[in-house]
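Undergrad: Please read through the structure below; I'll follow up with questions.
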Amino acid sequence: MAIQDMPGASPWTQRLLAIYGALVLFFLMLPTVIVIPMSFSDSQYLEFPPTSWSLRWYREYFGSSAWMSATWTSLLVAVLTTLLATPLGTLAAYGMHCTSDRVRNSLQLLVLMPVVVPSILVAVGVFHLYAIVDLNYSITGLVLAHTALAVPFVIITVLSSLNNYDMTQEMAARSMGASRPQAFLGITLPQIRFSVLTGAFLAFITSLDEVVVAKFISGGENATITRRMFNALRDQIDPTIAAISTCLIVVSVLALAAVQFFGARSKGRT
Amino acid sequence: MAAAAASSQSLPITVSNLVKAYGDLRVLDDVSIAIRPGEFMTLLGPSGSGKTTLLMALAGFVSPESGSIRFGEQEMITTSPHKRGVGMVFQSYALFPFMSVVENVAYPLKIRGVSPAEQKSRAEAALEMVKLGGYGGRRINQLSGGQKQRVALARAMVFEPRIILMDEPLSALDKKLREHMQIELKQLHQKLDATIVYVTHDQREALTMSDRIAVINKGRIAQLDEPKALYRRPNSLFVADFIGETVLLPVQREGDGVSLQGRKLKLATPTPSGNGPLQLVIRPELLQLDAGDDGDTNTIAGVVRQTIYQGDSVLLIIDAGDGREVSVRIATSRAGQASLPDSGSRIALGLHRDDTVVLAEQAP
Ligand SMILES: Nc1ncnc2c1ncn2[C@@H]1O[C@H](COP(=O)(O)OP(=O)(O)OP(=O)(O)O)[C@@H](O)[C@H]1O
Ligand SMILES: [Mg+2]
């Protein structure tokens, strides 16, 4: 809602509110934005503001095979997690939407567990489980664990848009000869597309960003970038971290922009 | 098209002993109903009586506990909705907002794998049928309520289903448009070779449109009859009260007959059996003011209390003794000719024996 839309607020209140909003945004953004100039520094250490500028830390990052392999691991895991969590979460949301209120409410609690439980507990649990089934340090294990963490986000976004969707449309389609999958794919999915895309984005970011579980169950040649960054920070603080962070920010922003772009297009069609 | 039309002969629908329960509530309680091929059958009943549930059972969206549903000779009870081949119109229209009007109407054909060219020509023909020719390119949100209704209708009939189900399709329209669409739907039904099952809780709509009406109460069929029979010969007080304007007067059993104000009534139907209390069912417009005793007319004595002008008719409120009020409706055209009795004057109302129906308060 635009601030101007507030009826009954005096111009002064509106202006104060705008300033307040800008300040909140600024403090939210600050920690994220501050690493960007730091990454272009020429110094040996993380410093702000940088005294001299260079691209050496980017060269460092892109030139290091260890960093690169961790990056590819992270991207691969994030993409696979997205591909797994999005259909899974979408179908789960659809199923939950179609059941009775009572079942839905209890399922909702269950499904949100991975989000509510502290990640360190999840990490410890998964580590011990994986020790039994021999999945520690594997891509498969990482993808499965991240999918469990990401699915709730997909479910929540898709479920909320299904709540605004008229399911009789699907009944209409079925009465006209469409099977249930046909009706879902042809009629419902195009109308909840934006929330599915948003869910996919959240799944991608959840995986890319995840460090606690990865710290326990990833390692060796399958260490994720976040895990390696964490280790690097412990040993010595150098601006490579800032360069990597900047790259991660760029990837996230690009993904978000893509969601917005396709979302706007799908909304424009309705 | 010709081949398709030849195969699309309307089907009878036979529902036998259908039961649907939600928990302890039997929403459909042993419903049996035989719908003739090509018939316009209306399911009429108060809110919550189970009309939608019955319609959804026919469509396959509600799975009954027991009973049978046959289309023609074929048992449908376990057939999934998309294989039943029924056209359906929903109360909310359920149009697909991300498709144009013509895409909406062509959808059933597209699903059936009809060629794009034929899809287009048949969809446009269907739009022509509902008087929306030329609207094919519009978006759904550019249509008025009545136009959306027509698109839903075109979409339900474009694939020439032999059965069309409609759940209160006109209830979202204003009164004038609704009455117009009632007539149009009825005309459309005559052109289509389809059995129509129509749900409404508006008794006037049901009387206007239907070949026959099934009155439903608490999950049971209270009465199934043609509109005229339903109106003139209700078989229970529930039906009498639900259909049309009704005034009830308590009457006494006398031998195997019935009396009112001490006079024996000449009845159109046999006296209800048993010995429970009885009520005379009066339609206000069937009472006559200037009753001559021709041997076929019952008279009811009373005192005029009030005269109410209602535009097309005049309503007289009559005190029939014991504080029982009877209303008499007189068409304005007739009221102008005869001089209306003044308030306070005593009059005798006439009710022809063919219109004299007495019902037991409790169904036997
Ligand atoms: N999914 C459901 N779960 C539980 N009860 C239901 C369900 N669907 C319908 N009912 C109940 O079944 C009864 C009949 O419902 P139905 O929708 O068939 O009524 P209706 O005659 O169509 O009424 P209306 O004129 O209000 O549309 C109602 O008491 C309703 O509360
Ligand atoms: Mg209903």
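Undergrad: Quick one: what pairs do we get from segment A:238-256, first residue closer than 23 Å to A:S195 by Cα, second modelled with pLDDT under 90 and assigned to a helix (DSSP H, G or I), C-beta under 7 Å, 6+ apart or different chains?
TA: A:I249/A:T32
Undergrad: Starting from segment B:158-177, take each residue that is among the charged types (D, E, K, R) and list its partners that are assigned to a strand (DSSP E or B) and within 13 Å of ligand 1 (Cβ to nearest atom), counting only C-beta distances under 7 angstrom and pairs at least six apart or across chains.
TA: Qualifying pairs under 7 Å: B:D167/B:V199; B:E168/B:V199; B:E168/B:T200.
Undergrad: Quickly run through segment B:64-77 and pick out the residues that are in a strand (DSSP E or B), more than 14 Å from every other protein chain (Cβ to nearest Cβ) and within 22 Å of B:R212 (Cβ to Cβ).
TA: Of everything in segment B:64-77, those that are in a strand (DSSP E or B), more than 14 Å from every other protein chain (Cβ to nearest Cβ) and within 22 Å of B:R212 (Cβ to Cβ) turn out to be B:G67, B:S68, B:I69, B:R70.
Undergrad: Hey, another quick one. Among the residues that make up segment B:141-153, is at least one of them more than 26 Å from B:L58 (Cβ to Cβ) and within 11 Å of another protein chain (Cβ to nearest Cβ)?
TA: Yes, there is a match, as at least one residue in segment B:141-153 is more than 26 Å from B:L58 (Cβ to Cβ) and within 11 Å of another protein chain (Cβ to nearest Cβ).
Undergrad: So in segment B:91-121, with the set limited to residues that are within 14 Å of another protein chain (Cβ to nearest Cβ) and among the polar types (S, T, N, Q), which one is surrounded by the most Cβ atoms within 10 Å (Cβ to Cβ)?
TA: B:N104
Undergrad: Something else: Go through segment A:163-184 residue by residue and tally those that are assigned to a loop (DSSP other than H, G, I, E, B) and over 29 Å from the mean Cα position of the chain (by Cα).
TA: 4
Undergrad: Could you figure out which of (1) more than 27 Å from the chain's Cα centre (by Cα); (2) in the same structural domain as A:S195 (by TED's automatic domain parsing) isn't true of A:Q44?
TA: Single failed check for A:Q44: (2).
Undergrad: Identify the single condition in (1) at pLDDT below 90; (2) within 13 Å of ligand 2 (Cβ to nearest atom) that B:A3 does not satisfy, given that it satisfies every other one.
TA: For B:A3, the failing item is (2).
Undergrad: On to the next question. Yes or no: segment B:320-342 includes at least one residue that is in contact with an Asp or Glu (Cβ under 6 Å, 6 or more places away or on another chain), surrounded by 17 or more Cβ atoms within 10 Å (Cβ to Cβ) and at pLDDT 80 or above.
TA: Yes - at least one qualifying residue is present in segment B:320-342.
Undergrad: Taking the condition of being under 25 Å from the mean Cα position of the chain (by Cα) and more than 8 Å from chain A (Cβ to nearest Cβ), how many residues in segment B:78-90 meet it?
TA: 1
Undergrad: Considering only segment B:55-66, I want to know if a residue exists there that is away from ligand 2 (no atom under 16 Å from the Cβ) and buried (at least 19 other Cβ atoms within 10 Å of the Cβ).
TA: Yes - at least one qualifying residue is present in segment B:55-66.
Undergrad: Among the residues of segment A:146-168, is there at least one that is more than 14 Å from chain B (Cβ to nearest Cβ), within 16 Å of A:I217 (Cβ to Cβ) and at pLDDT below 90?
TA: no
Undergrad: Mind checking whether some residue in segment B:108-125 is within 28 Å of the chain's Cα centre (by Cα) and of a type outside the set (D, E)?
TA: The answer is no, given that none of the residues of segment B:108-125 is within 28 Å of the chain's Cα centre (by Cα) and of a type outside the set (D, E).
Undergrad: Show the residue pairs meeting these rules: Cβ distance below 6 Å; 6+ apart or different chains; first residue within segment A:176-191 and more than 7 Å from every other protein chain (Cβ to nearest Cβ); second residue assigned to a helix (DSSP H, G or I) and among the charged types (D, E, K, R).
TA: A:A183/A:E170; A:A183/A:R174; A:T188/A:E170
Undergrad: On to the next question. Could you say whether any residue in segment B:43-63 is closer than 22 Å to B:D167 by Cα, more than 11 Å from every other protein chain (Cβ to nearest Cβ), assigned to a strand (DSSP E or B) and in contact (Cβ under 8 Å) with a residue 40 or more places away in the chain?
TA: yes
Undergrad: Go through segment B:13-38 and give me each residue that's of a type outside the set (D, E, K, R), surrounded by fewer than 21 Cβ atoms within 10 Å (Cβ to Cβ) and more than 12 Å from ligand 1 (Cβ to nearest atom).
TA: If the condition is that a residue be of a type outside the set (D, E, K, R), surrounded by fewer than 21 Cβ atoms within 10 Å (Cβ to Cβ) and more than 12 Å from ligand 1 (Cβ to nearest atom), then B:T14, B:S16, B:N17, B:V19, B:S32, B:I33, B:A34, B:P37, B:G38 are the ones that fit.
Undergrad: Could we say that B:I33 is within 29 Å of the chain's Cα centre (by Cα), under 30 Å from B:G244 (Cβ atoms), away from ligand 2 (no atom under 16 Å from the Cβ) and not aromatic (F, W, Y) here?
TA: Criteria met by B:I33.
Undergrad: Scanning for something closer than 24 Å to B:V239 by Cα, of a type outside the set (V, I, T), away from ligand 2 (no atom under 15 Å from the Cβ) and surrounded by fewer than 21 Cβ atoms within 10 Å (Cβ to Cβ), does segment B:70-78 turn up at least one residue?
TA: No, there is no match, as no residue in segment B:70-78 is closer than 24 Å to B:V239 by Cα, of a type outside the set (V, I, T), away from ligand 2 (no atom under 15 Å from the Cβ) and surrounded by fewer than 21 Cβ atoms within 10 Å (Cβ to Cβ).
Each row is one residue, and each column tells you yes or no for (1) among the hydroxyl-bearing types (S, T, Y); (2) away from ligand 1 (no atom under 15 Å from the Cβ); (3) over 26 Å from B:A172 (Cα atoms).
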position: B:G48; (1), (2), (3): no, no, no
position: B:E73; (1), (2), (3): no, yes, yes
position: B:S80; (1), (2), (3): yes, yes, yes
position: B:F98; (1), (2), (3): no, yes, no
position: B:R112; (1), (2), (3): no, yes, yes
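Undergrad: Based on this model, can you work out whether B:V215 counts as more than 26 Å from B:E285 (Cβ to Cβ) and within 16 Å of ligand 1 (Cβ to nearest atom)?
TA: Here the answer is no, as B:V215 does not meet what is asked.
The values are calculated or read from the model by the stated rules, or taken from the named source; none is laboratory data. Please read these numbers as outputs of a predicted model, since none were measured by experiment. Here the Cβ is made from the backbone with ideal geometry for all residues, glycine too, and neighbour counts use every protein chain on show.
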